[in-house]
Amino acid sequence: MPLERSGYEGDPRPTDEVYHLACLEALAGDEQVPDTEGTGQDEDGELSVTPWSTQSGQALTEGWAYCPTETGGGMAIPSSFEVTPDAANEEGGALNGLTIADSTGQQVGGFRADVSGGAPEGAEVVEVLDVTEQPDYTGALAETVYLRSLVVEAGSGTQLMVDLVSVPEGTDPETLEAWDLAIHDGDQRVVVYGTTPLASANGAEEAADSTLHEVLREMVGSYQPAVQ
């Protein structure tokens, strides 16, 4: 089913129904992740936002769970996918990265925080299948954000890649000059992507018509950073 968000007003839900626990545990550091999601308030009714309370008023389409990459920011990932986070430090608070694999263990995507370089050396765009502007994205300041599907030749082989990128006015979003995404009003850049290995570029159209490709576009396009 397509990824959709809706409001939620019921009792607090089991945490593992709403979130990928691996993401919460990495963000929590030494703090214990509760069995039930937070409400965003402490015992006195004061605002108390935790990684496990950010979705308390929202629900995702069945089959999806939320993975916060920082308190107040993150992405939706299918519940059946395995997420391996890389915490920024032992105290938690933010993730340096994520590795995302499907139920067979095949890597299908990832997230990398605080990147500083461009595309990998030797990477080449073989074909551009779709480039769609994302007007609802917040955080890129003056840059324009696009969700892309590209056939890319890289050191790891040929792949159908989905990514979320932002570029200044005048930059062609169909090239590898667009490789990462501005967040926090342009103060930082991250890489968010999904990938499907291809035996050759000839299989790109078939892969683009697959359910997996649509899921990866939904997943990558769902990323939003915390509002600064």
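Restricted to segment 143-174, and to residues there that are of a type in the set (S, T, N, Q) and at pLDDT below 95, the residue that is farthest from residue 227 (Cα to Cα) is 156.
If you go through segment 87-123 and keep only what is within 14 Å of the chain's Cα centre (by Cα) and among the β-branched types (Val, Ile, Thr), you end up with 99, 100, 108. All conditions but one from (1) under 29 Å from residue 29 (Cβ atoms); (2) surrounded by fewer than 16 Cβ atoms within 10 Å (Cβ to Cβ); (3) at pLDDT below 95; (4) out of contact with any Leu (no Cβ under 6 Å at 6 or more places or on another chain) apply to residue 177; the one that does not is (1). Of the residues 6, 79, only one is closer than 28 Å to residue 191 by Cβ, modelled with pLDDT of 95 or more, surrounded by fewer than 22 Cβ atoms within 10 Å (Cβ to Cβ) and not basic (Lys, Arg); which? Only one candidate qualifies: 79. Residues in segment 51-76 that are at pLDDT 90 or above and on the phi > 0 side of the Ramachandran plot: 63, 74.
Remark: residue 144 matches the filter, which requires a residue to be open to solvent by less than 50 Å² (accessible area, probe 1.4 Å), out of contact with any Leu (no Cβ under 8 Å at 6 or more places or on another chain), among the hydroxyl-bearing types (Ser, Thr, Tyr) and more than 19 Å from residue 95 (Cα to Cα). The residue list 109, 117 contains one member that is in contact (Cβ under 8 Å) with a residue 24 or more places away in the chain and either closer than 21 Å to residue 182 by Cβ or surrounded by fewer than 19 Cβ atoms within 10 Å (Cβ to Cβ) (or both), which is 109. The residues on offer are 146, 193, and the sole one that is under 23 Å from residue 81 (Cβ atoms), in a strand (DSSP E or B) and aromatic (Phe, Trp, Tyr) is 193. Touching a residue at least 40 places away in the same chain (Cβ under 8 Å) and surrounded by 17 or more Cβ atoms within 10 Å (Cβ to Cβ): does that describe residue 167? Judged against the criteria, residue 167 is not a match. Within segment 90-103, the residues that satisfy the criterion of being within 16 Å of residue 215 (Cα to Cα), at pLDDT 95 or above and either loosely packed, with under 15 Cβ neighbours inside 10 Å or of a type in the set (A, V, I, L, M) (or both) are 100, 101.
The values are calculated or read from the model by the stated rules, or taken from the named source; none is laboratory data. Just so we're clear, the structure is a prediction, and the values are computed from it rather than from any experiment. A quick note on method: Cβ atoms are made from the backbone with ideal geometry, for glycine too, and the neighbour counts reach across all protein chains shown. Please note that ligands, DNA and RNA were not included when accessible areas were found on the heavy atoms of the full protein model with its side chains. Shrake-Rupley method; radii C 1.70, N 1.55, O 1.52, S 1.80 Å.
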